[in-house]
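Have a look at the structure below before the remarks.
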Amino acid sequence: MSTTVTKAQIDARLIMPFVNSTRNVLQTMLGLATTIDRPRIKSVPAPEYDYSAIIGFSGQIVGVVVVSFRRETAIKMVNAFAGDEVEPDSSDFSDAIGELANMIAGAAKKDLGGVASISVPTVILGKGHIVARPSDIPCMVIPCKTEAGEFAVEISIKQA
Amino acid sequence: MNILLVDDSKVMRNIQKKALAALGDVTFAEAGDGVEALAVIAQNPGGFSLMLVDWNMPNMNGLQLISTIRETDKKTLLIMVTTEAEKERVLEALRAGANNYMIKPFTPDALVEKVRGTLAKLRAA
């Protein structure tokens, strides 16, 4: 059964699991501390990043989560994750970006308050891309900062 | 020790390989999903000491793979390595035949400890 979800409910229930999972994944797998800036509603689908990994949610939680990076940040983070230099734009590069998003979304999932499944990641490589999202679900942007650079976790999910 | 790593992420498989090299005399085989894993298993009649299995993979997921393996093989150690952290998921994997469960993200030391602990439990049984 659908319920109307207010902005306050989104902020309280759905943001913190992703804040926690992002910090945990980056610290554990990359050794990077993450500073989280103030989350905001994404008002326009502006192309801001060079790489995005998309994870779909289904079940009692539905929607999409997108983790997006600029090129320089993605290169540093992928190399830190792999423990080696990875050729940018290669299949291993997109694999690494997808796996980071998979862990961020997967680790958050258990704290979202419902039974849900996540998709395998889809990775988009290319400057100026726009990710279309479900039109009935507000998109919350969590701006993240690390020594490797800035990236964003964008959440468009709701309880089904 | 012959270990099969099953994960659709090659980067993740490489991370696991690097970590598990700490175990000493280890060789690795790899597969990107459950279908590929079954083919690798069929091509290795000597079997594997241990398999690390991801849950969410294309073609055949880790839960389906473990269930299929356990139809004919009750002995090989199977550890699910996944982001699926809910208690119900853990129980589901253990009921399907996993011997242990490792939640991502993990440090290399934590993975090695999980494998050592699983091997020790087997020896004690």
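Read-outs: derived from the displayed coordinates by stated rules, not from any lab. Quantities reported herein were computed from a predicted structural model and do not represent experimental measurements.
If you average the C-alpha positions of segment A:42-98 and of segment B:53-125 separately, how far apart do those two centres end up, in angstrom?
Using only Cα atoms, the two centres lie 27 Å from each other.
Which shape class, rounded, prolate or oblate, goes with segment B:1-52 when its Cα gyration tensor gives a ≥ b ≥ c as root eigenvalues, a/c under 1.5 marks rounded, and past that a/b bigger than b/c marks prolate?
It is oblate, given that a/c is not under 1.5 and a/b is not larger than b/c.
Report, ordered by chain and residue number, the lysines lying within cross-link reach of B:LYS114, taken as a straight Cα distance under 30 Å and ignoring same-chain residues fewer than 8 apart.
Excluding near neighbours in sequence, the set is A:LYS76, A:LYS109, A:LYS110, B:LYS10, B:LYS17, B:LYS18, B:LYS74, B:LYS75, B:LYS87, B:LYS104.
From the phi of every residue in segment A:18-25, what ³J(HN,Hα) in whole Hz does the Karplus formula 6.51 cos²θ - 1.76 cosθ + 1.60 yield, where θ is phi - 60° and glycine or proline is x?
The phi angles translate into 6, 4, 5, 5, 4, 4, 5, 5 Hz.
Given H placed 1.01 Å from N in the peptide plane, which residues other than close sequence neighbours of A:GLU147 have an amide H under 5 Å from its amide H?
Here A:ALA33 satisfy the definition.
On C-alpha positions alone, give me the angle between the axis of helix A:71-82 and the longest principal axis of chain A, in degrees, nearest 10.
80 degrees
Rounded, prolate or oblate for segment B:2-124? Axes are the square roots of the Cα gyration tensor eigenvalues, ordered a ≥ b ≥ c, and the cut-off for rounded is a/c under 1.5.
Judged from the Cα gyration tensor, segment B:2-124 comes out rounded (a/c under 1.5).
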